[in-house]
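I have placed the structure first, in the form of structure tokens, so that the comments after it can refer back to it.
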Amino acid sequence: MKTFGANLVEAREKLGISQKQLAELLGITATRLNYWEKDKRQPDIEMIKKIAEILKTSPSDLLGWDEKYNPNGKLADEVLELELLENFNKLNDSGKQKIKEYLSDLLEIEIYRNKEK
């Protein structure tokens, strides 16, 4: 399985875009992009989505995830869950409590709806 960096270089070169051009499109330095391409660092999920959009590929392809591992869209759900968890962990205690209460309310509503069916 190829690394994120190797997949990024391949996708960028396939479109004939230089490191400098892609870095400008992403709003980052060429040095930062170079770190990603050499697998010294990795971008966050939002940046991976932005890279995929610019390079006309999918985040799964950039990350080297083969479709055979994702027959029912499970991988996409896992990425979303990780993104949500990442954002949740950035919240302060008050924010986390509000999210927990909101989710609890949503679950109660869903349980009620299912009982009506």
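The values are calculated or read from the model by the stated rules, or taken from the named source; none is laboratory data. Please read these numbers as outputs of a predicted model, since none were measured by experiment. With ideal geometry, Cβ positions are generated from the backbone for all residues, glycine too; neighbour counts draw on all protein chains shown.
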Residue list for region 1-39, filter: closer than 21 Å to Leu82 by Cα and exposed (fewer than 14 other Cβ atoms within 10 Å of the Cβ): Asp39
message: Checking Lys40 against (1) at pLDDT 90 or above; (2) touching a helix residue (DSSP H, G or I) at 6+ places or on another chain (Cβ under 7 Å); (3) not in a helix (DSSP H, G or I): exactly one of these is not met. Which one?
response: (2)
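Could we say that Lys56 is touching a residue at least 24 places away in the same chain (Cβ under 8 Å), farther than 13 Å from Gly5 by Cβ and assigned to a helix (DSSP H, G or I) here?
It is false that Lys56 is touching a residue at least 24 places away in the same chain (Cβ under 8 Å), farther than 13 Å from Gly5 by Cβ and assigned to a helix (DSSP H, G or I).
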- request: Please state which of the following conditions Ile51 fails to meet, knowing it meets all the rest: (1) farther than 25 Å from Ala6 by Cβ; (2) at pLDDT 90 or above.
  value: (1)
query: assigned to a loop (DSSP other than H, G, I, E, B), at pLDDT 95 or above and in the same structural domain as Leu8 (by TED's automatic domain parsing), is that true of Ile28?
result: yes
